[in-house]
1. Give me the dipole magnitude in Debye, nearest 20, for segment 148-290 about the Cα centre, with unit charges on the beta carbon: positive for Lys and Arg, negative for Asp and Glu.
2. Once R0 is set to 25 Å, what does the formula 1/(1 + (r/R0)^6) return for the Cβ-Cβ distance between HIS103 and ALA289, expressed as a FRET efficiency to the nearest 0.05?
3. How big is the charge dipole of the chain about its Cα centre, in debye rounded to the nearest 20, if each Lys and Arg gets +1 on its Cβ and each Asp and Glu gets -1 on its Cβ?
4. Test of understanding: extend the Cα→C-beta vector of MET1 to 7 Å, then name every residue of segment 218-250 with backbone N under 16 Å from that spot.
5. Placing +1 on the Cβ of each Lys and Arg and -1 on the Cβ of each Asp and Glu in segment 94-157, which of VAL96, ILE145, ILE113 has its Cα farthest towards the positive end of the resulting dipole?
6. Quick one: compute the contact order of segment 119-225, relative version, from alpha carbon pairs under 8 angstrom and 6+ residues apart, as a percent.
7. Taking all pairs of distinct Cα atoms, average 1/r, flip it, and tell me the Kirkwood hydrodynamic radius of the chain in Å to one decimal place.
8. May I ask you to compute the full-extension gain from ASP88 to ARG243, defined as 0.36 nm times their residue separation minus their alpha-carbon distance, rounded to one decimal in nm?
Amino acid sequence: MAQIIDGKALAAQVKAEVKTEVAAWTAQGHRPPYLAVVLVGDNPASASYVRGKAKDAAEVGINSDTLHYETDITEAELLDLIRRLNQDNTVDGILVQLPLPDHINEQKVIEAIAPEKDADGFHPASIGQLVLGQPGFQPATPAGIMEMLTRSGIPTSGAHAVVVGRSNIVGKPMANLLLQKGVDATVTICHSRTRDLAAITRSADILVAAIGRAHFITADMVKPGATVIDVGINRVDDATRERGYRLVGDVDFEAVRDIAGWITPVPGGVGPMTRAMLMRNTLNAAKRAT
Ligand code: GUN
């Protein structure tokens, strides 16, 4: 039976560290760090993530506002808002919740954010620094996963790490972090066109599932003793729940936990850690601004 990697508990550790650092920072006479969160439209999942970020910010002493716009905001209006936030010296970090409506070019919006305020680490400058192994803002989900591996004492050097999913915000940066000198994993990236996926995942010492499909990773795809990290947050209908759905990961948790050595649950795994890392990025943005 796998050991559970308790994302909530690890996130609480990281948040406690950030809270202490924020207190030390303000004790030196600085104003508290400030994060501007931009939310467009009424995607219920996005609204829920943004509420979680605001709650975590308050918890660690970071100020934040959620700037909420209707779905019909134009790309030009959104770019103009970002320009104003870039110029505002009281704003340390800027986060635009994704996805954006189809009429807005997401990449254009990400690139409009000043790299020194890129709390999400999605700007090409941040991604470039990550790939080069230079200090910079790292996307919160893969950075949080690295933190979970380290804090759980899971060895990475020489391990075969298989990342399933090639998104810009998880799969690609995750693979690059696992590849860094000092981490030293041997990395394979798989995606929807990968041939004989199960044969590859079965050879993984560390398996990161970031596909976005409920219960995609089944027990037969996992090597006994492997570390299984589940990035998925999928809503599946559940009439027994008051809200009519429940959240499940990309991993068939109940079956895979019998095989794996370590496993992250959903909810309570990668999600809370992602938010904690965003708080750390925001604090770092405030410190760099001064
Ligand atoms: N949408 C899904 N994950 C994320 C994230 O980490 N940051 C932002 N801004 N949007 C997301």
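1. Numbers: 18 positive and 12 negative charges, 147 e Å.
Taking the Cα centre of segment 148-290 as origin, the dipole is about 700 debye.
2. So, using R0 = 25 Å, E works out to roughly 0.15.
3. On the way: 29 positive and 33 negative charges, 124 e Å.
Once rounded to the nearest 20, the dipole reads 600 debye.
4. The answer is 225.
5. ILE145
6. Working: 162 pairs, mean separation 26.7, N = 107.
Relative contact order here is 25 percent.
7. Values: mean 1/r = 0.0510 Å⁻¹.
When all Cα pairs of the chain are included, the Kirkwood radius is 19.6 Å.
8. Numbers: separation 155, 0.36 × 155 = 55.80 nm, distance 3.95 nm.
Computed gain between ASP88 and ARG243 is 51.8 nm.
Every read-out reported here was derived from the displayed coordinates using simple, explicitly stated rules and does not represent laboratory data. It should be emphasised that the depicted structure is a prediction, and the values quoted were computed from it without experimental measurement. Please note: Cβ atoms are built from the backbone with ideal geometry, for glycine as well, and neighbour counts cover all protein chains shown.
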